[in-house]
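Q: Below is one structure. I have some questions about it.
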Amino acid sequence: EVFQQSSKAVCHYFNGTERVRLLEKHIYNRQLYVHYDSDVGYFVADSPVGESTARYWNSQPEMLEYRRSAVDTYCRHNYEVSTPFLVGRQ
(Lines give C-alpha, C1' and ligand atoms only; values in the text may rest on other atoms or scores of the structure.)
Protein backbone atom coordinates (compact mmCIF):
# COMPACT_ATOMS: atom_id res chain seq x y z
CA GLU A 1 0.00 0.00 0.00
CA VAL A 2 0.98 3.59 -0.55
CA PHE A 3 0.10 6.42 1.82
CA GLN A 4 0.44 10.00 0.72
CA GLN A 5 0.51 13.14 2.85
CA SER A 6 0.60 16.57 1.22
CA SER A 7 0.05 20.21 2.10
CA LYS A 8 -0.72 23.18 -0.08
CA ALA A 9 -0.78 26.86 0.81
CA VAL A 10 -2.71 29.28 -1.40
CA CYS A 11 -2.91 33.05 -1.09
CA HIS A 12 -5.99 34.91 -2.30
CA TYR A 13 -5.54 38.62 -3.04
CA PHE A 14 -8.42 41.06 -3.13
CA ASN A 15 -7.68 44.54 -4.50
CA GLY A 16 -3.91 44.09 -4.39
CA THR A 17 -2.82 43.48 -0.82
CA GLU A 18 -5.71 45.41 0.71
CA ARG A 19 -7.30 42.13 1.77
CA VAL A 20 -5.31 38.89 1.74
CA ARG A 21 -6.47 35.40 2.67
CA LEU A 22 -4.22 32.42 3.34
CA LEU A 23 -5.70 28.97 2.87
CA GLU A 24 -3.49 26.05 3.90
CA LYS A 25 -4.82 22.59 3.01
CA HIS A 26 -3.64 19.28 4.47
CA ILE A 27 -4.46 16.19 2.42
CA TYR A 28 -4.04 12.53 3.26
CA ASN A 29 -4.60 9.92 0.52
CA ARG A 30 -6.33 12.48 -1.71
CA GLN A 31 -8.77 13.51 1.03
CA LEU A 32 -8.74 16.97 2.58
CA TYR A 33 -8.80 16.34 6.31
CA VAL A 34 -7.91 19.71 7.88
CA HIS A 35 -7.30 23.26 6.69
CA TYR A 36 -6.24 26.63 8.05
CA ASP A 37 -8.14 29.70 6.88
CA SER A 38 -6.69 33.08 7.89
CA ASP A 39 -10.19 34.60 7.75
CA VAL A 40 -11.24 32.19 10.52
CA GLY A 41 -7.89 32.26 12.36
CA TYR A 42 -7.62 28.59 13.30
CA PHE A 43 -7.56 25.07 11.87
CA VAL A 44 -10.85 23.51 10.78
CA ALA A 45 -11.49 19.76 10.44
CA ASP A 46 -12.87 18.67 7.08
CA SER A 47 -13.33 15.02 7.98
CA PRO A 48 -13.59 12.91 11.15
CA VAL A 49 -9.89 12.05 10.74
CA GLY A 50 -8.99 15.75 10.95
CA GLU A 51 -10.90 16.51 14.16
CA SER A 52 -8.15 15.41 16.55
CA THR A 53 -5.47 17.05 14.38
CA ALA A 54 -7.34 20.37 14.28
CA ARG A 55 -7.95 20.20 18.03
CA TYR A 56 -4.25 19.54 18.70
CA TRP A 57 -2.93 22.21 16.31
CA ASN A 58 -5.41 24.78 17.66
CA SER A 59 -4.11 24.08 21.19
CA GLN A 60 -0.60 25.18 20.12
CA PRO A 61 -0.44 29.00 20.48
CA GLU A 62 2.92 29.22 18.68
CA MET A 63 1.59 27.31 15.70
CA LEU A 64 -1.48 29.55 15.41
CA GLU A 65 0.61 32.71 15.75
CA TYR A 66 2.95 31.48 13.01
CA ARG A 67 0.01 30.84 10.66
CA ARG A 68 -1.55 34.21 11.45
CA SER A 69 1.70 36.03 10.68
CA ALA A 70 2.14 34.05 7.42
CA VAL A 71 -0.39 36.34 5.74
CA ASP A 72 2.27 39.07 5.93
CA THR A 73 5.49 37.06 5.78
CA TYR A 74 4.37 34.66 3.04
CA CYS A 75 1.45 36.11 1.07
CA ARG A 76 2.08 39.86 1.11
CA HIS A 77 5.83 39.36 0.75
CA ASN A 78 5.44 37.10 -2.29
CA TYR A 79 2.92 39.49 -3.84
CA GLU A 80 5.32 42.41 -3.55
CA VAL A 81 8.25 40.38 -4.89
CA SER A 82 6.30 38.82 -7.80
CA THR A 83 4.11 41.71 -8.92
CA PRO A 84 6.76 43.55 -10.99
CA PHE A 85 7.32 40.37 -13.01
CA LEU A 86 3.67 39.39 -13.41
CA VAL A 87 1.61 42.56 -13.76
CA GLY A 88 1.75 44.56 -16.95
CA ARG A 89 4.10 42.26 -18.86
CA GLN A 90 3.44 41.91 -22.54
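Q: Using 0.36 nm per residue of separation minus the Cα-Cα distance, give me the extension gain between R68 and A9 in nm, one decimal.
A: 19.9 nm
Q: Let me ask something else. On average over all directions, what projected area in square nanometres does the chain have, based on the convex hull of its Cα atoms?
A: Details: hull surface 30.9 nm².
Mean orientational projected area (the chain, Cα hull): 7.7 nm².
Q: How much of the accessible area of the range 5-82, probe 1.4 Å, is carbon plus sulfur, in whole percent? Each step should come with its number before you reach the end.
A: Details: 2460 of 4910 Å².
Answer for the range 5-82 is 50 percent, counting heavy atoms of protein chains only.
Q: What accessible area per residue comes out for the chain, rounded to a whole number of Å², with a 1.4 Å probe?
A: Per residue, the chain has an accessible area of 71 Å².
Q: Also: If we count every other residue with Cβ under 14 angstrom of I27's Cβ, Lys/Arg +1 and Asp/Glu -1, where does the sum land?
A: +1
Q: When only C-alpha pairs under 8 Å and at least 6 residues apart count, what is the relative contact order of the range 6-53, in percent?
A: Details: 82 pairs, mean separation 12.2, N = 48.
Relative contact order of the range 6-53: 25 percent.
Q: Can you tell me the dipole magnitude for the chain around its Cα centre, using point charges on the Cβ only (Lys, Arg +1; Asp, Glu -1), in Debye to the nearest 20?
A: Roughly 240 debye for the chain.
Q: Using Cα pairs under 8 angstrom and six or more residues apart, how large is the relative contact order of the chain, in percent?
A: That works out to 20 percent.
Q: S52 to T83: extension gain in nm, 0.36 nm per residue of separation minus the Cα-Cα distance?
A: Result: 7.3 nm gained on full extension.
The values are calculated or read from the model by the stated rules, or taken from the named source; none is laboratory data. Computed from a predicted structure; not experimentally measured. Backbone-built Cβ (ideal geometry, glycine too); neighbour counts: all protein chains shown. Heads up: the accessible areas ignore ligands, DNA and RNA and are worked out on the full protein's heavy atoms, side chains in. Shrake-Rupley method; radii C 1.70, N 1.55, O 1.52, S 1.80 Å.
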